[in-house]
Amino acid sequence: AGVGALLYWQFGLRPQLAQARVAVPYGAKMVCTCRFIAERPMESCKQDFTEDLSAVSFTEEGQTIRASVLGGWIEAEARHEDGIGCTLVRPD
């Protein structure tokens, strides 16, 4: 069982987690820009991704977009500031 779990981690789960650590901050930044610079609705912004990010949840609070996956295990925030635009403020 231990060898099977190790193989699953190495070849199954680990690459997916690495991809999530890139996709989640990227998604937060892109949705922030779409919402606050382009002034589009959240649902419209989520349709812009060419990769499937359906597992990533996006929430908006004030001028901040939070993206998370796996129940918040991996998350990031991007904040809009007038004159600056959207910046990643809290990557995982």
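The values are calculated or read from the model by the stated rules, or taken from the named source; none is laboratory data. This one's a predicted model, so the numbers in the text were calculated from it and none came from an experiment. Using ideal geometry, Cβ is built from the backbone for each residue, glycine included, and neighbour counts are taken over all protein chains shown. What goes into the accessible areas is simple: the full protein's heavy atoms, side chains included, and nothing from ligands, DNA or RNA. Shrake-Rupley method; radii C 1.70, N 1.55, O 1.52, S 1.80 Å.
Which helices (runs of 4 or more DSSP H) sit wholly inside the stretch 1-73 and have at least 3 residues that are farther than 21 Å from Gly83 by Cα, of a type outside the set (S, T, N, Q) and modelled with pLDDT of 85 or more? First the steps, then the outcome.
Working: elements: 2-8, 14-36, 42-46.
So the answer is 14-36, 42-46.
So which residues in the stretch 54-68 are surrounded by 11 or more Cβ atoms within 10 Å (Cβ to Cβ) and over 16 Å from Leu88 (Cβ atoms), if there are any at all?
Step one: filter the stretch 54-68 for residues surrounded by 11 or more Cβ atoms within 10 Å (Cβ to Cβ), giving 55-60, 63-68.
Residues satisfying the conditions are Ala55, Ser57.
Does the stretch 34-48 hold any residues that are open to solvent by less than 40 Å² (accessible area, probe 1.4 Å), touching a helix residue (DSSP H, G or I) at 6+ places or on another chain (Cβ under 9 Å) and not aliphatic (A, V, I, L, M), and which are they? Don't jump to the end; show me each part of the working.
First, pick out the residues of the stretch 34-48 that are open to solvent by less than 40 Å² (accessible area, probe 1.4 Å): 34, 36, 42, 44-45.
In the following step, the residues that additionally are touching a helix residue (DSSP H, G or I) at 6+ places or on another chain (Cβ under 9 Å) were identified as 34, 42, 44-45.
Of everything in the stretch 34-48, those that are open to solvent by less than 40 Å² (accessible area, probe 1.4 Å), touching a helix residue (DSSP H, G or I) at 6+ places or on another chain (Cβ under 9 Å) and not aliphatic (A, V, I, L, M) turn out to be Cys34, Ser44, Cys45.
In the stretch 69-83, what count of residues is obtained for those that are open to solvent by less than 80 Å² (accessible area, probe 1.4 Å) and either touching a residue at least 24 places away in the same chain (Cβ under 8 Å) or under 21 Å from Ala18 (Cα atoms) (or both)? Don't jump to the end; show me each part of the working.
Residues of the stretch 69-83 that are open to solvent by less than 80 Å² (accessible area, probe 1.4 Å), as a first pass: 69, 72, 74-78, 80-81.
In the following step, the residues that additionally are either touching a residue at least 24 places away in the same chain (Cβ under 8 Å) or under 21 Å from Ala18 (Cα atoms) (or both) were identified as 69, 72, 74-78, 80.
Total satisfying the criteria: 8.
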